[in-house]
Every structure is written in C-alpha cells, then in structure tokens.
Amino acid sequence: MSCNWGTELWDQFDNLEKHTSWGIDFLERYSKFVKERADIELSYAKQIRSLSKKYHPKRSREEESRYTWCLAFAATLRQLNELSVQREELSENLNTQIVSELTRYTQELKTERKTHFQDGRRAQQHIESSWKQLESSKRRFERDCKEAERAQQVSDRIDLDNKADGEKRCSLKARQTAQQKKQAAEESRKDYLASLNQFNQDQQQHYHTLVPVIYQRIQDMEERRIERICEAMRLSAEAERKVLPVVSSCLDAMMDAAEGIQPRMDTRQVVEVYKSGFDPPGDVEFEDYSATMRRSISESSYLDNRTEGRRHSRKLWPFIRKNKLLTLLSSPRQPPPPPPTSPSPGGVVSNPQSPPPASREPITQRLNDLMTSGSRTRKQCLRSLKRGLSLKLGSGPADCSHLPPEQRRKKLQTRLNNINQEIQREREQRPTDSEARSREVREGSGPSRCQVDRVSAANLLYPDGSYTEDHSAELHFKSRSSEFDDEFDDEEPLPSIGTCKSLYPFQGQNEGTLSMVEGELLSVVEEDKGDGWTRVRRNLEEEGYVPTSYIKVFLESSAKGFVQSSRLV
C-alpha cells in the first residue's frame, strides 16, 4: 500500500517535525543499547576467562592427568576459554559493524533532517507572506469602496439641494471628490485581484509542488532510518549466529568430555596408584603379659644388668656390616602412629609426660655442633646426622626400597622405560658407522651414562639376575657403600641415657622399629629428635625406634646435661 506524506499530511508539518525528531532519538537509543550489550558480552568473556583460569591447575599434577573426571573438567575449562574468545569476537563485531556505523549515520541523518525542515519552513513562510499580502490588498479595496460610496452619496444629496450659485460650486466639488474615490476604489480592486491571483498561484505551488517534494524527502529519510534499524538488528543477530557453530562445537566437546568419564576405570586407577602388594596380616598371636611382670625389676638392678651386658656385646644393630643404603634406611621415615583413643585394660589413660614435638633445626646447625663437640659426642652426632639426612631426603634411596612392593615395581619399571627411551633417542642421533669408529678412536670407548643407569635400574627391578648387562655401575656403587660401612664397624654401642615404660602395645612392622608390649621397661639410647620417634634398646641386643607418644621417658640426671649438649634436633 503506497502513501505520500506530501498529499496526505500536507497540513501536519509540526507533527512530522516531532515524529522525525523522536525517530532520531530512537536510533540513538538503539545504538546505545547495542553498545551496552557489546560491553556486557566483553565483560562476560573476561569473567568466563578469569573463571577458567582460576580453576585451571596452576601446574600439571600427576593425579589430574590420571583420572577421567579430572581430564573431563580440564577439557571443560579449555572449551569455556574458547567460549570467552567467541564472546569477545561477538562484542567486537557489534561495536565495529553496528555501533560505529549507527553513530555515523545518526549524525548524517540529523544534518539531512535539518535541511529538509529548513526548506519546509521557507516554503511555509512564503505562503504565509503571500496570504498576508492578499489580506492587506483586500482590506484596502474594501476601505476604498466604502469611501467612494460615501462620497457619491454626498454628491447626490448636494445636487438635490442645488438652488444658488454658491451651492452649484459645492455640488461640482462633491462630484469631483466622489469621482476620485471611485477611481481609488478601482485601483484597490485591481491590486486585490492581482494579490489574489498571486496568492492562488503560490498556494497551488506550495501545496501541490513544494510541500509534496519536501515531505517526500522527509518520508524517504524516515524510511531509510527504519531500514537502517532493521539492518542493524539483522547484523546483530547475524553476528551472534556467526559464533553459534563454534559455541555449539564447544558445547559438544563439553558433552563428549562428560560422557568420557569412566568411574570403573578411575576406581581401577586408584588401585594401581595405592596398591602396596603386601599380603593381609595373619592371626594375632597370644601375648604373655606374665613375662612383662617378671621383667619389671627395679630401675637400679635393670641399669646394673644393662652395664654388665654392655661388656659382652660390641656390635649392635644397626651398626653391623651391611649395605650403606640399608643402613641409611634403618630409621623410620614415616610419621609415628597416633596413640589409641581408648587404652587397653591396665594401661595408662593419658601421657602427659610425652615431650611435645620440637621443630627441626637446619642441617648446617647440626654440622656446626658436630665440629665443636668432643670425640664421644661426635660419634652420636654422626649417627643423628645420618638419621636426620635420611628423614630430610624424602625422595628415598635409589632402589626405592622405602616403597611397598607394588609401588616399587612400578617406579623402577617407569625409570627403566625412561632410560630405554633416552637410549633410543641417542641411537637415532648417532652418526654413521665410519664416523662412529673414527670418533671412538679419537675419544676412546666406554659405556654411556644412559646404559649404566639402565643397568642399575634393571638390576633393581630384576634381582634374580634375569636382566644381563654390564655391571660396572653396580660394582662401583657397592664399593662406595662398603667404604661408608667401614666407618661404623668398630664403634661402640650408644650409651643409655635413661629408661622408659611403654604405655600402649606397638607392633614394629617397618624396618628399624621395635615391637613392645604394654607396661614393658626399655632403655633409652637416643631421645626424640622432633620426628616423633625415640630410639630404645631391650636386653642389650634388640634396638630400634618406637613412637614417643607410646612411652613415658625417665631420663637419668647424669645424662640430662650430656643430652642437652649433644642435642641436634
């Protein structure tokens, strides 16, 4: 349905001016809406990226790369980051394709609208001026006609009363005046007719030529404005539609990651990670508490027997000849178990005399105390330093003997696989045979570091000797450990610094620990160094570590000063 503002709205100039002004205001408001939406999209993208970065692991962890639910969450975070990229792209498209263009077009539209309405106002002023001219000539013609009519009436009245000569002269003058007024009225009539014809022409041109053209331009401007709004809305939807495939792909990837979670596989991974390989414990044996009663003698006689027995035994555990690695592992490296919540019958309810855990000093402080101490104290410092090093170095020995059998097998197998991969890379980078022979002649030949490491790891993994390789590295390792063992072959056993009484029974299952029953009296040879373990001795032959919270210590008054002077932890 076609319409023309010039013919149908010829008398609505003011309303058209208000309508077009409101249309430009709407365009500016829509531009502001799109800009705020672009800002929201940008802020949303930043928040999504910040959220993804916040929950993404700062560094790769072995646990998170092992389980499917961790991998699925990591994949979801990556896809979420990709979603933030798409939202940023949407914000940029909205700003460049819509907001900037609409802002520029709004300024052009304001200028065009101002021009059209200025033309309309000039045409309106012209027709109003023509109308005023017509009204002025009309009023002048009306006035002249009335004056001519009055002059003619005066002349006629004088002619009727004409009797004397003097009166004849008055009648002639009245007729001349009436004739002048009549001519003036005729002139006013001609001006009025001319003004009327001019006004009719101006009005015809105004309402049938000027106004339709001007209003048609205003109508075209309004239609272009509406079309531009339509185009902006379409571009807005198109910009969002453009990122939908990528967003849909990200959502599909999130769905795939969620569907890739396998609970049964994750539970099997828990078994693979934490399986120790030990057999379940057997039946609990009967503990003869009457033997403890027979052994509970006075403190003085116990100390006398301990002094007597020291003369017969020179070498006590753990200073008998053994491998250096096993010697370093003699002390427990795990935290001691907590005491039982409820004591067994006949036991002590609490242990208020148990010394609180002390903070460890640096190893450098131990070395300083070692250099400033005497010869006898130095031996004990060496033992404490060796034990402290074994506790500080949490990585464990090279043969992974501190791990359970199953974990030890996995760790050594992983180490052997890594060495094989490194050897394979060396083989791939190895030059030709002729170049290798000439290089061997110049530099000499010998086993590579990777081969030695592989042999050592294989020997640890295959103790039965099924893996055959050059054993030079293993022999070198054994020779060095023998040199270390010689330093402790002929040392005297540690002196006793007091006695202790067991508050709870303890089963020493790890190497270096000592089992005890409740109420048993033992000799203290090394006080707790802050790790929760106390070194004790039984019958001058059995020696090991027990949890400090499981015993009550009675230090000898003569040994307290010695302990305080030689304490390293």
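The values are calculated or read from the model by the stated rules, or taken from the named source; none is laboratory data. No experiment lies behind these values; they were computed from the predicted model shown. All Cβ positions, glycine included, derive from the backbone under ideal geometry; neighbour counts span all protein chains shown. Surface accessibility is based on the protein's heavy atoms, side chains included, excluding ligands, DNA and RNA. Shrake-Rupley method; radii C 1.70, N 1.55, O 1.52, S 1.80 Å.
Quick one: is F141 among the hydrophobic types (A, V, I, L, M, F, W, C), open to solvent by 40 Å² or more (accessible area, probe 1.4 Å) and either over 30 Å from E8 (Cα atoms) or part of a helix (DSSP H, G or I) (or both)?
yes
Can you report the number of residues in region 36-75 which are within 24 Å of R87 (Cβ to Cβ) and over 16 Å from the mean Cα position of the chain (by Cα)?
First, the residues of region 36-75 that are within 24 Å of R87 (Cβ to Cβ): 36-57, 72-75.
Going one step further and asking which of them are over 16 Å from the mean Cα position of the chain (by Cα), we end up with 36-42, 72.
Qualifying residue count for the region: 8.
Restricting attention to region 512-528, and to residues there that are over 15 Å from S549 (Cβ atoms) and β-branched (V, I, T), which single residue is surrounded by the most Cβ atoms within 10 Å (Cβ to Cβ)?
V525
Cβ contacts < 7 Å: first residue more than 13 Å from G120 (Cα to Cα), restricted to region 200-211; second residue among the aliphatic types (A, V, I, L, M), any location; separation 6+ or different chain. Result?
Filtered contacts from region 200-211: D202/I127; Q203/I127.
Please specify each residue of region 226-258 satisfying the condition of being within 22 Å of the chain's Cα centre (by Cα) and either under 17 Å from N95 (Cβ atoms) or of a type in the set (V, I, T) (or both).
Across region 226-258, the qualifying residues are V246, V247.
Here's a check for you: in region 467-526, which residue that is among the hydrophobic types (A, V, I, L, M, F, W, C) and under 30 Å from L416 (Cβ atoms) is modelled with the highest pLDDT?
The first filter runs over region 467-526 and keeps only residues among the hydrophobic types (A, V, I, L, M, F, W, C), leaving 473, 475, 477, 484, 488, 494, 497, 500, 503, 506, 514, 516-517, 521-522, 524-525.
Filter once more, so that each one left must be under 30 Å from L416 (Cβ atoms): 473, 475, 477, 484.
Working: A473: 44, L475: 47, F477: 43, F484: 43.
Top of the filtered list is L475.
Can you tell me which residue among S65, S50 is in a loop (DSSP other than H, G, I, E, B), without any contact (Cβ under 8 Å) to a residue 40 or more places away in the chain, open to solvent by 50 Å² or more (accessible area, probe 1.4 Å) and of a type in the set (S, T, Y)? Lay out the reasoning, then the answer.
Numbers: S50 fails: in a loop (DSSP other than H, G, I, E, B).
Step by step, each of S65, S50 is checked, and only S65 is in a loop (DSSP other than H, G, I, E, B), without any contact (Cβ under 8 Å) to a residue 40 or more places away in the chain, open to solvent by 50 Å² or more (accessible area, probe 1.4 Å) and of a type in the set (S, T, Y).
Can we say G6 is touching a Pro at 6+ places or on another chain (Cβ under 6 Å) and either modelled with pLDDT of 95 or more or of a type outside the set (F, W, Y) (or both)? Give the steps one after another, and end with the answer.
Numbers: touching a Pro at 6+ places or on another chain (Cβ under 6 Å): yes; either modelled with pLDDT of 95 or more or of a type outside the set (F, W, Y) (or both): yes.
Yes; evaluated as a whole, the condition is true for this residue.
Would you confirm whether or not region 20-36 contains a residue that is open to solvent by less than 60 Å² (accessible area, probe 1.4 Å), within 30 Å of T267 (Cα to Cα) and of a type in the set (S, T, N, Q)?
Within region 20-36, the subset open to solvent by less than 60 Å² (accessible area, probe 1.4 Å) is 20-21, 23-24, 27, 30-31, 34.
Now restrict to residues that are within 30 Å of T267 (Cα to Cα): none.
No, the conditions are met nowhere in region 20-36.
Output yes when any residue across region 272-291 is β-branched (V, I, T) and modelled with pLDDT under 90, and no when none is. Steps first, answer last, please.
Here is the first cut: in region 272-291, the ones β-branched (V, I, T) are 273, 284.
In the following step, the residues that additionally are modelled with pLDDT under 90 were identified as 273, 284.
Yes: one or more hits.
Which of the residues belonging to region 502-511 are open to solvent by less than 20 Å² (accessible area, probe 1.4 Å) and either among the polar types (S, T, N, Q) or at positive phi (or both)?
Correct list: S502 only.
Which one of these does S91 not meet: (1) touching a helix residue (DSSP H, G or I) at 6+ places or on another chain (Cβ under 9 Å); (2) open to solvent by 40 Å² or more (accessible area, probe 1.4 Å); (3) within 18 Å of I40 (Cβ to Cβ); (4) of a type in the set (S, T, N, Q)?
(2)
For region 257-281, give me each residue that is closer than 21 Å to L83 by Cα and either free of Cβ contacts under 8 Å to residues at least 24 places away in the same chain or open to solvent by 100 Å² or more (accessible area, probe 1.4 Å) (or both). Don't jump to the end; show me each part of the working.
Within region 257-281, the subset closer than 21 Å to L83 by Cα is 257-260.
Across region 257-281, the qualifying residue is only E259.
Condition check: within 30 Å of D25 (Cα to Cα), at pLDDT below 95, in a helix (DSSP H, G or I) and open to solvent by 40 Å² or more (accessible area, probe 1.4 Å). Does Q124 satisfy that?
Numbers: within 30 Å of D25 (Cα to Cα): yes; at pLDDT below 95: yes; in a helix (DSSP H, G or I): yes; open to solvent by 40 Å² or more (accessible area, probe 1.4 Å): yes.
Yes, satisfied.
Look at A253 and say whether it is surrounded by 12 or more Cβ atoms within 10 Å (Cβ to Cβ) and part of a helix (DSSP H, G or I).
Working: surrounded by 12 or more Cβ atoms within 10 Å (Cβ to Cβ): yes; part of a helix (DSSP H, G or I): yes.
In short, yes.
Looking only at region 1-19, filter to residues that are farther than 13 Å from R113 by Cβ and among the aliphatic types (A, V, I, L, M); which one of those is surrounded by the fewest Cβ atoms within 10 Å (Cβ to Cβ)?
M1
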